[in-house]
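Participant: Sharing a structure below in structure tokens format, with a few things to ask.
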Amino acid sequence: MADTHTTVATDMRPPTPRKRRPFSTGSVVMGVVVTLICLFIAAPLVVVALASVTETGYLTFPPQGFSMRWYQQILDTPGFVDAFVTSLQLAAVTTVISVLICVPAAYAINRYSSRTTRSLEQVFLSPLILPAVVLGLGLLFVLSRTGWSGTFEGGVLAHVIIASPFVIRAVLAGMRRIDPRLEEASRSLGAGPLRTFFRVVVPSIGGSIVSGAVFAFVVSFDEAVVTLFITGPDFVTLPVAIFTYVQYSADPTVAAASTVLVAMSLVMVCLVMWLGSGEERREQKRNRP
Amino acid sequence: MTQVATQAGPVNAEPQRQDDVAPERGVRGRVALALLVPMLGVFAVGFLVPLGTVARFSFNDYEPGVGQTSAWTVSQYSAVFSSPTDSGAILRTFELGLITAVISALLSYPLALAITRGPRWARTPLTAMVMMPLLVSVVVKTFGWQILLSSEAFPQKTLDALGIPVKLLFTQTGVSIGLVHTYMPFMALSLITALAAIDRRTEEAAASLGSSRWRVFWTITFPQSINGLIAGFVLTFAASMSALVTPQLLGGGRVPTVVTSIFRQVETVQNYPYGAALGILLLAATLALLFVQSAVLGRRERG
């Protein structure tokens, strides 16, 4: 790491074309350490994927033989298919509602900044750090009183609370980067506030809204803790279904279903990183003199 | 969710173009409120009322067979502390939080250094490595550990072969491994932000004045990253204290924490006031942790 910097001082000759320095012990040690840490991070995901192709009728690691029949088996397990569909619908509805309520709220927090809006921002972000179990417990109490526990609608309420901090954070970060003079210019040229919002503000924070929405979708799709409290026979998400199977009867089908989830997450990582790098490039372009 | 519809209406009501420079206070307030109303409504119903209900229920009475009865009593709290299982669970929850935060810091620091100071080509794959566990459901990650830590898999077999008397699955060791894996990304992201924000010229200056890399790190880089370290520490500590899936699946009922105890109260015993009291204690611990963090950070800023 950082070897190029240590050499700067002592040699005052004009910069020679940089030669590849032989690896120092320090960077070799660092490389090994970082590789081991990466192995630790990847291990359980790789294990799940490998365990899903075993030929045996029970979970075993390392797997024996190679068979894709457990993936076929997912489709024949109605529990998984229904839960997958529920999760997709829940994540989609959650994302739409979160974006619809968070974008105006973030705009108000940014534009009409005061002590009140700043503390509201903290409240809206607090589900990120406060224990999800307590929220799950509270939602169970409130929803079961109104007969909404174990319903899709109750799940939407819970997931909007969990997902919207991610949207608020992304959108606020985007809004804080816009030059306020753009809005002023639009207004002084005669555009109304709504027109200014949709023609000036929304296009310049489009990337932030999309990355907030992707996060909301993923967070909702993966959520297990709060959902476990408000689940019911008619409302089971995929993570809750997997949790229940793992706890009582884990077989290779669960591994196959989990691998599908990991694959979806991988696609999402690529999407998020791609969006992020696009944002960075645009930022650099803007800042270029 | 019905509040969504109200967002567009009142915005139009703002008098247009008469007051471009500084709209009067009342109007500004009304517009801001109109934009915030949908979010406020959802948060009131889905967040503040539930938390308030948990707080209220924790002072209720519970009788086996009868259920919850309305009261104002601290009997649930004293029951928590006089139960050996649950007071033990409180201690274990703190212990797991501390272990997770410390190990996460030790593992994340090299990773964050490699991402911010390492070769350029490594940056994107390593960042993806940090992001990936964040985007995989905790249920799936924990399931992976359950397979990997089981007595038939090679880590446990290796330990047995070496005669090391450590069991991995359904022990505190296994739960710690799972918690570190789940919450390490928080620490890593916090450290990456802190390390990326350091002015590289301070490091270059130290190096050009003849400091070794080791010394540059300890006197220049590390001290400037401490705020990020503290933030990551609090985040991983708080998150692992409130973990449900990992201790439930990797503990297998043999590593009770505050959260698994809450879950058991709800799933089997249905003693809601007792679960609520445990929840409020956990919430209080989290808030105390955040308070200490802001006190420490405030103190560091004042110097």
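The values are calculated or read from the model by the stated rules, or taken from the named source; none is laboratory data. Keep in mind that what you see is a predicted model, and the values were worked out from it rather than measured. No Cβ is skipped: glycine too gets one built from the backbone with ideal geometry, and neighbour counts run over all protein chains shown.
Participant: If I ask for residues that are among the small types (Gly, Ala, Ser) and surrounded by fewer than 23 Cβ atoms within 10 Å (Cβ to Cβ), which ones from region B:145-177 would you list?
Facilitator: Selection gives B:Ser150, B:Ser151, B:Ala153, B:Ala161, B:Gly163, B:Ser176.
Participant: Something else now. Out of B:Gly46, B:Gly41, B:Gly97, B:Gly26, which single residue is on the phi < 0 side of the Ramachandran plot, assigned to a helix (DSSP H, G or I), of a type outside the set (S, T, N, Q) and in contact with a Phe, Trp or Tyr (Cβ under 6 Å, 6 or more places away or on another chain)?
Facilitator: It is B:Gly97.
Participant: A further question follows. Taking region B:129-167, which residues are under 21 Å from B:Leu107 (Cβ atoms), facing chain A (nearest Cβ under 7 Å), free of Cβ contacts under 8 Å to residues at least 12 places away in the same chain and in a helix (DSSP H, G or I)?
Facilitator: Those that are under 21 Å from B:Leu107 (Cβ atoms), facing chain A (nearest Cβ under 7 Å), free of Cβ contacts under 8 Å to residues at least 12 places away in the same chain and in a helix (DSSP H, G or I): B:Met132, B:Leu135, B:Val140, B:Gly144, B:Leu148.
Participant: Only one of B:Leu229, B:Leu290 is at the interface with chain A (Cβ under 10 Å from one of its Cβ atoms) and modelled with pLDDT of 90 or more. Can you tell me which?
Facilitator: B:Leu290
Participant: What's the total number of residues in region B:46-72 that are closer than 16 Å to A:Val226 by Cα and facing another protein chain (nearest Cβ under 7 Å)? It would help to see each step written out before you state the result.
Facilitator: Step one: of region B:46-72, the residues closer than 16 Å to A:Val226 by Cα are B:46-51, B:53-54.
With the extra rule that they be facing another protein chain (nearest Cβ under 7 Å), the set shrinks to B:46-47, B:49-51, B:53-54.
Qualifying residue count, region B:46-72: 7.
Participant: Which of the residues that make up region B:234-258 are more than 9 Å from chain A (Cβ to nearest Cβ) and buried (at least 24 other Cβ atoms within 10 Å of the Cβ)?
Facilitator: Passing the criteria: B:Thr236, B:Phe237, B:Ser240, B:Thr246, B:Pro247, B:Leu250, B:Thr257.
Participant: Still on this structure: I'd like the residue in region A:220-232 that is in contact (Cβ under 8 Å) with a residue 60 or more places away in the chain and hydrophobic (A, V, I, L, M, F, W, C) and, out of all such residues, is nearest to the other protein chains (Cβ to nearest Cβ).
Facilitator: Here the residue is A:Val225.
Participant: Something else about it: Yes or no: region B:194-205 includes at least one residue that is within 25 Å of A:Leu39 (Cβ to Cβ), among the charged types (D, E, K, R) and free of Cβ contacts under 8 Å to residues at least 40 places away in the same chain.
Facilitator: No - not one qualifying residue is present in region B:194-205.
Participant: Related question: Would you check if there is a residue in region B:209-219 being crowded, with 21+ Cβ neighbours inside 10 Å and either among the aromatic types (Phe, Trp, Tyr) or in contact with a helix residue (DSSP H, G or I) (Cβ under 7 Å, 6 or more places away or on another chain) (or both)?
Facilitator: yes
Participant: Further question: Restricting the search to region B:25-65, which residues are buried (at least 18 other Cβ atoms within 10 Å of the Cβ) and either touching a strand residue (DSSP E or B) at 6+ places or on another chain (Cβ under 7 Å) or aromatic (Phe, Trp, Tyr) (or both)?
Facilitator: B:Phe43, B:Phe47, B:Phe57, B:Phe59, B:Asn60, B:Tyr62
Participant: So in region B:264-286, with the set limited to residues that are at the interface with chain A (Cβ under 8 Å from one of its Cβ atoms) and among the hydrophobic types (A, V, I, L, M, F, W, C), which one is surrounded by the most Cβ atoms within 10 Å (Cβ to Cβ)?
Facilitator: Of everything passing the filter in region B:264-286, B:Ala276 is surrounded by the most Cβ atoms within 10 Å (Cβ to Cβ).
Participant: Here's another thing I want to ask about it. Against the condition within 10 Å of B:Ala188 (Cβ to Cβ), surrounded by 14 or more Cβ atoms within 10 Å (Cβ to Cβ) and hydrophobic (A, V, I, L, M, F, W, C), how does B:Ile115 come out, does it pass?
Facilitator: It is true that B:Ile115 is within 10 Å of B:Ala188 (Cβ to Cβ), surrounded by 14 or more Cβ atoms within 10 Å (Cβ to Cβ) and hydrophobic (A, V, I, L, M, F, W, C).
Participant: Let me ask something else. Checking the condition β-branched (Val, Ile, Thr) and under 22 Å from B:Leu281 (Cα atoms), which residue from A:Val134, A:Val99 passes?
Facilitator: The unique qualifying residue is A:Val134.
Participant: Modelled with pLDDT of 95 or more, surrounded by 20 or more Cβ atoms within 10 Å (Cβ to Cβ) and more than 10 Å from chain A (Cβ to nearest Cβ), is that true of B:Val180?
Facilitator: Here the answer is no, as B:Val180 does not meet what is asked.
Participant: Can you pull out the helices (runs of 4 or more DSSP H) entirely within region A:53-153 that have at least 1 residues that are closer than 30 Å to B:Ala153 by Cβ and at pLDDT 90 or above?
Facilitator: By residue number, A:78-111, A:132-145.
Participant: Looking at (1) modelled with pLDDT of 95 or more; (2) facing chain A (nearest Cβ under 9 Å), which one does B:Ile99 not meet, given that it meets all the others?
Facilitator: (2)
Participant: Also: Which residues, counting only those in region A:41-100, are without any contact (Cβ under 8 Å) to a residue 24 or more places away in the chain, crowded, with 16+ Cβ neighbours inside 10 Å and touching a Leu at 6+ places or on another chain (Cβ under 9 Å)?
Facilitator: A:Ile41, A:Ala43, A:Pro44, A:Val47, A:Phe61, A:Pro63
Participant: Only one of A:Thr231, A:Thr259 is under 20 Å from A:Leu90 (Cβ atoms), at pLDDT 90 or above and surrounded by 18 or more Cβ atoms within 10 Å (Cβ to Cβ). Can you tell me which?
Facilitator: Matching residue, one of A:Thr231, A:Thr259: A:Thr231.
Participant: Could you say whether any residue in region A:187-197 is more than 8 Å from chain B (Cβ to nearest Cβ), part of a helix (DSSP H, G or I) and under 25 Å from the mean Cα position of the chain (by Cα)?
Facilitator: No, region A:187-197 contains no residue that is more than 8 Å from chain B (Cβ to nearest Cβ), part of a helix (DSSP H, G or I) and under 25 Å from the mean Cα position of the chain (by Cα).
Participant: While we're here: Kindly check whether there is at least one residue in region A:74-97 that is in contact with a strand residue (DSSP E or B) (Cβ under 8 Å, 6 or more places away or on another chain) and either within 13 Å of another protein chain (Cβ to nearest Cβ) or farther than 30 Å from B:Ser294 by Cβ (or both).
Facilitator: Just the residues of region A:74-97 that are in contact with a strand residue (DSSP E or B) (Cβ under 8 Å, 6 or more places away or on another chain), to begin with: A:86.
Still in the running and either within 13 Å of another protein chain (Cβ to nearest Cβ) or farther than 30 Å from B:Ser294 by Cβ (or both): A:86.
Yes, region A:74-97 contains a residue that is in contact with a strand residue (DSSP E or B) (Cβ under 8 Å, 6 or more places away or on another chain) and either within 13 Å of another protein chain (Cβ to nearest Cβ) or farther than 30 Å from B:Ser294 by Cβ (or both).
Participant: Does B:Ala188 satisfy the condition of being of a type in the set (Gly, Ala, Ser), farther than 16 Å from A:Leu39 by Cα, surrounded by 15 or more Cβ atoms within 10 Å (Cβ to Cβ) and within 12 Å of chain A (Cβ to nearest Cβ)?
Facilitator: Considered against the rule, which asks whether it is of a type in the set (Gly, Ala, Ser), farther than 16 Å from A:Leu39 by Cα, surrounded by 15 or more Cβ atoms within 10 Å (Cβ to Cβ) and within 12 Å of chain A (Cβ to nearest Cβ), B:Ala188 comes out as no.
Participant: Turning to a different aspect of this structure: Given the condition surrounded by fewer than 21 Cβ atoms within 10 Å (Cβ to Cβ), under 30 Å from A:Leu275 (Cα atoms), more than 26 Å from the chain's Cα centre (by Cα) and within 11 Å of chain B (Cβ to nearest Cβ), answer yes or no: does some residue in region A:167-183 qualify? Write out each step before concluding.
Facilitator: Step one: of region A:167-183, the residues surrounded by fewer than 21 Cβ atoms within 10 Å (Cβ to Cβ) are A:169, A:173, A:175-183.
Checking which are under 30 Å from A:Leu275 (Cα atoms) leaves us with A:169, A:173, A:175-183.
Subset that is more than 26 Å from the chain's Cα centre (by Cα): A:179-183.
Now restrict to residues that are within 11 Å of chain B (Cβ to nearest Cβ): A:183.
Yes, region A:167-183 contains at least one residue that is surrounded by fewer than 21 Cβ atoms within 10 Å (Cβ to Cβ), under 30 Å from A:Leu275 (Cα atoms), more than 26 Å from the chain's Cα centre (by Cα) and within 11 Å of chain B (Cβ to nearest Cβ).
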